[in-house]
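The values are calculated or read from the model by the stated rules, or taken from the named source; none is laboratory data. Here the structure is a predicted model, which means the values were calculated and not measured. Virtual Cβ from ideal backbone geometry, glycine too; neighbours counted across all protein chains shown.
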Amino acid sequence: MIDTIKSRISLLQQTYLPTGSLRERFAKGVFWSLAGTIIARGLSLLSSIIVARFLGKTGFGELGMLQSTVGMFGVFAGLGLGMTATKYVAEFREKDKPKTGRIIAISSQVAFITSGLTTLVLIIIAPWLATHTLSAPHLANPLRIAAGLLFFGAINGAQTGALSGFEAFKTIAKINFSAGLVSFPLVVAGVKLGGLNGVVSGLVISMVFNYLLNYFAIKKECQKNGVIVDYQNSKQEFSVLWKFSVPAFLSSAMLGPVTWLCNTILVNQPNGYAEMGLFNAANQWRNALLYIPGVLTMPAITLMSGSIGANQILTTQKVYIKTTFLNGIFLLPLVILLSIYSPWIMGAYGSGFSSGWLVMVLMLVVTLLLGIMTPTGNLITAAGKMWLGFLMNSGWAIVLILSTYFMVHLGAKGLALAYLIAYGVHTSWTFCYAHYYFSYKNKLK
C-alpha cells in the first residue's frame, strides 16, 4: 500500500511538477522559503506578545520607535545590495561565474563599509536623536545598543540576497528556522532581566548568529556552483552599483525615513508613545504576514531575472501572474480570520491594547494590498527599472506623509488610515505599469 501511495505521488509530481520545469523550481522555492519563515515569524509574534506584557503599552511603543529608527538608518546601510545580489547572481551564476563572484564580493564589501559608517553615526548622534526628535532622552542608551541591529541587519540583507540568487531557498529556510529558535529565548530572557535594554540586546545577539549562518551558507553555495568570490577584482562591477544598487537604494530609501517620520509625528502627539504601542502591536501582524508574499515571491525574483535575461517574456508573465494569485489566495483568508479575532489578539498584548483592534484591522487590509502589489515590485526589480520604482515610491511617500499629517489627531487609527490610503494609491499605479509592461513586450515579440 505504501508503495502504491509513493507511486501515485511520484506520478502526480511528474504530471504537475516535471523535473527541471519552471513549476518545479518555483514550487520548491516557495515550499522551503515558507517552511522556515512561518516557524520563525510565529516565534517572533509570540515573543512580541510576551515583551508587550512586560513593557506595557508605552514601553512597547518605545521599542517600536527604536525599531523604526534602526529601519530608517538601515536603508542607508543596506544600499539596495540585497536586491542587487539576488538579481545579478540569478542572472549570471550559470553563464558568467567570474562576474557572479565579483558581484558577491562587491556586495559584501560595500555592505560592510556602509553599515559600519551608518552604525557609527547612529551611536554618535543617539543622545541628540532621542532628546530632540523622539522626545525621550532615556532612549539614548537603548538606541546605541540597537545600532548592532543596524550593522548586522544590512550585512544579512546582502547575504540573503546572494543566497536567493543561487536559489538556495531550502538553506534560507533552515537559517530562518534556526535564527527564530535562538531569538525567542534571548528576547524573552532579555525583557525579564533587563527590560527594554535586554530586549534589544537579545535581538542583536540573534542577529549575529544569523550572520554567521549566512556566511557559511554562502561559502558552501559558492563551492557547489563553482563560483570564486573575487574581492581583488570586484571594482570591475562598480557600474552595477550605479545602474542598479543606487536607484534600488533611492527607491527603498523612501520606506525607512518616511515610516520613521510618520511614527515621529505620532509619538510627538499627546499620549503619543501609548498610541505608538497600539500601532506597534498591530504592525507586528502586518510584518509577520508580509513575510508570506516576501517568501512566495523570493523565488519569483530569481526566476523573472533569469527569464528576462533570456528574453522569455511569456515565462516572466506566467511567474508574475502565479505569484500575484498565490499571494491573494494565501493572504485573504488570513486577513479575514485575524480581523474577526483582532479584539482578542490585541488583548493578548496586555492591559489597554484591546481598544486598538480597529488599528489591527486597518493594517491587515494594508497587508493584503501590499501582498498583491509585491510581484509588481519584483517585476520592476527583475527588469532593472529601478529609477521608475524610485519615482513610484516617491509618490507613495508624499501621499503617506500628507495623510498622516491630516489624520494624526486620531492617534494610531489615523496613522493606520494614512497607510491604507497611501498603499491604495500605490497599488493602483503599480498594476497599471505591469499591464503596460507585458502589453508592450508581447507586441515586440
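Some observations on this one:
- Any hit, the range 142-165, residues being basic (Lys, Arg), part of a helix (DSSP H, G or I) and surrounded by fewer than 24 Cβ atoms within 10 Å (Cβ to Cβ): yes
- Residue match in the range 74-91 (condition: in a helix (DSSP H, G or I) and free of Cβ contacts under 8 Å to residues at least 60 places away in the same chain): no
- Any hit, the range 182-202, residues being farther than 19 Å from residue 109 by Cβ and under 18 Å from the mean Cα position of the chain (by Cα): yes
- Any hit, the range 346-353, residues being farther than 28 Å from residue 246 by Cα, surrounded by 17 or more Cβ atoms within 10 Å (Cβ to Cβ), of a type in the set (Ser, Thr, Tyr) and modelled with pLDDT of 90 or more: yes
- Residue in the range 158-166 that is under 20 Å from residue 45 (Cβ atoms), touching a helix residue (DSSP H, G or I) at 6+ places or on another chain (Cβ under 7 Å) and of a type outside the set (Lys, Arg) present: no
- Scanning the range 205-215 for residues that are under 12 Å from residue 156 (Cβ atoms) and among the β-branched types (Val, Ile, Thr) yields a single hit, 208.
- Qualifying residues in the range 45-83 (those that are among the charged types (D, E, K, R) and modelled with pLDDT of 90 or more) - the one surrounded by the most Cβ atoms within 10 Å (Cβ to Cβ): 62
- Test result for residue 203, out of contact with any Phe, Trp or Tyr (no Cβ under 6 Å at 6 or more places or on another chain), surrounded by fewer than 15 Cβ atoms within 10 Å (Cβ to Cβ), aliphatic (A, V, I, L, M) and part of a helix (DSSP H, G or I): no
- Considered as a group, the residues in the range 90-138 that are in contact with a Phe, Trp or Tyr (Cβ under 6 Å, 6 or more places away or on another chain) and within 20 Å of residue 384 (Cα to Cα) include one that is surrounded by the fewest Cβ atoms within 10 Å (Cβ to Cβ), and that residue is 99.
- Some residue of the range 135-152 being of a type in the set (Gly, Ala, Ser) and in contact with a Gly (Cβ under 9 Å, 6 or more places away or on another chain): yes
- Extreme residue, surrounded by the fewest Cβ atoms within 10 Å (Cβ to Cβ), among residues of the range 290-337 that are at pLDDT 80 or above and of a type outside the set (A, V, I, L, M, F, W, C): 333
- Residue check, residue 110 part of a helix (DSSP H, G or I), among the β-branched types (Val, Ile, Thr) and farther than 19 Å from residue 89 by Cβ: no
- Criterion: within 25 Å of residue 265 (Cα to Cα) and assigned to a helix (DSSP H, G or I) - qualifying residue of 349, 436, 405, 440: 405
- Among the residues of the range 223-274, those identified as outside any helix (DSSP H, G or I), modelled with pLDDT of 75 or more and closer than 20 Å to residue 404 by Cβ are 268, 269, 270, 271.
- The one condition from (1) over 26 Å from the mean Cα position of the chain (by Cα); (2) modelled with pLDDT under 90; (3) closer than 29 Å to residue 259 by Cβ; (4) of a type outside the set (A, V, I, L, M, F, W, C) that residue 133 does not meet is (1).
- In the range 212-231, the residues that are farther than 15 Å from residue 165 by Cβ and buried (at least 17 other Cβ atoms within 10 Å of the Cβ): 213, 230
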